[in-house]
Amino acid sequence: MSYDFLTYDLTDYVATITLNRPEVMNALTRELYGELETAVRGAHTDPEVRCVIITGAGRAFCSGDDVRQIMLGEQRDETVTRLRDVRPRPTPAAAAILQCDKPVIAAVNGAAVGWGMDLALFADIRIASEAAKFGELFIKRGLVSDLGGLWRLPRVVGPSKAAELLFTGDIITAQEALAIGLVSRVTPPEELLPAAHEMAARIAANPPIAMRYMKEGLRKSVHASMEEMGAYIGNSLAYLFTTEDHREGALSFVERREPVFKGK
């Protein structure tokens with residue numbers, strides 16, 4: 001599928017989605033939101049994808065909503081209409097990333113502010129360039145954050161630090177983000193994408209069925225009781241023990257060789 005506002009590359013089981021409006025710091029319009037949702041949902045259902053990287057073209061990761069179009073322009077009414085629904089749904093692009101069965105890495109190459117910071121938070125793993133900056137700017141626009149800020153952020157950095165970032169709208173550096181656990185690694189700018197692809201390759205080398213169950217287990221662990229998690233683990237193992245990938249993992253260990261997993 002072709003896209004107008006992002007690029008999509010699939011190489012060696014890794015799908016790289018690059019927001020591609022560098023002239024406006026990859027600001028989001030309804031069209032770009034739609035393409036992002038489509039790209040992620042495509043990766044979710046594609047058996048050739050085992051890991052997803054999301055990044056931005058140019059000097060920014062994502063500067064959030066295109067203020068002129070979404071907040072002040074013709075797309076504002078469309079947004080308000082959707083949110084006034086009797087049962088408003090989560091932002092479709094956010095739901096697509098959060099529901100994706102494949103591990104998602106955010107390679108944050110520059111500014112990630114507003115919904116751009118939320119976008120990074122929707123990922124399972126965040127790697128940042130030294131040039132990256134993060135900010136939940138919604139309060140500065142008289143708004144509240146999306147699921148990234150109000151649901152994911154407290155679980156990543158803790159309630160107190162999340163409250164500080166949400167209430168002030170302060171922008172923090174990549175090193176500050178590393179210190180509070182918002183990102184797991186900071187690299188020089190030129191090493192960011194190689195580092196993201198190296199991590200994605202290590203993830204993609206693992207058995208994809210077990211990976212889906214592992215990710216779902218992490219999702220459930222947010223709210224599940226010990227008993228519920230125990231049941232999930234038991235049911236998962238009962239199935240995974242029957243897969244060809246499990247047998248390959250065990251045989252490769254005994255035979256002292258690298259495993260080759262086929263997703264069966």
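Structural remarks
- Taking region 1-59 as the range and being more than 17 Å from Ala204 (Cα to Cα) and of a type in the set (Asp, Glu) as the test, the residues that pass are Asp4, Glu23, Glu31, Glu35, Glu37.
- Of residues in region 92-111 being of a type outside the set (A, V, I, L, M, F, W, C) and either out of contact with any strand residue (DSSP E or B) (no Cβ under 7 Å at 6 or more places or on another chain) or outside the structural domain of Thr18 (by TED's automatic domain parsing) (or both), the one nearest to Asp170 (Cα to Cα): Pro92
Each row is one residue, and each column tells you yes or no for (1) touching a residue at least 60 places away in the same chain (Cβ under 8 Å); (2) exposed (fewer than 15 other Cβ atoms within 10 Å of the Cβ); (3) touching an Asp or Glu at 6+ places or on another chain (Cβ under 9 Å); (4) farther than 15 Å from Asp65 by Cα.
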site	(1), (2), (3), (4)
Ser129	yes, no, yes, yes
Ala132	yes, no, no, yes
Trp151	no, no, no, yes
Leu166	no, no, yes, yes
Ala174	yes, no, yes, yes
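- Here Tyr213 fits the description: surrounded by 17 or more Cβ atoms within 10 Å (Cβ to Cβ), aromatic (Phe, Trp, Tyr) and either in a helix (DSSP H, G or I) or touching a Leu at 6+ places or on another chain (Cβ under 7 Å) (or both).
- On the stretch given as region 211-253, residues that are among the aliphatic types (A, V, I, L, M), at pLDDT 95 or above and farther than 23 Å from Trp151 by Cα total 6.
- Taking region 23-52 as the range and being surrounded by fewer than 24 Cβ atoms within 10 Å (Cβ to Cβ) and either aromatic (Phe, Trp, Tyr) or assigned to a strand (DSSP E or B) (or both) as the test, only Tyr33 passes.
- Listed here are the helices (runs of 4 or more DSSP H) enclosed by region 112-185 that have at least 1 residues being in the same structural domain as Ala60 (by TED's automatic domain parsing), among the acidic types (Asp, Glu) and under 22 Å from Lys215 (Cβ atoms): 115-122.
- Subset of region 245-264 (residues that are exposed (fewer than 14 other Cβ atoms within 10 Å of the Cβ) and among the acidic types (Asp, Glu)): Glu255, Glu258
The values are calculated or read from the model by the stated rules, or taken from the named source; none is laboratory data. If you're wondering where the values come from, they're calculated on a predicted model, not measured in any experiment. Every residue, glycine among them, receives a Cβ derived from its backbone with ideal geometry; neighbour counts consider all protein chains shown.
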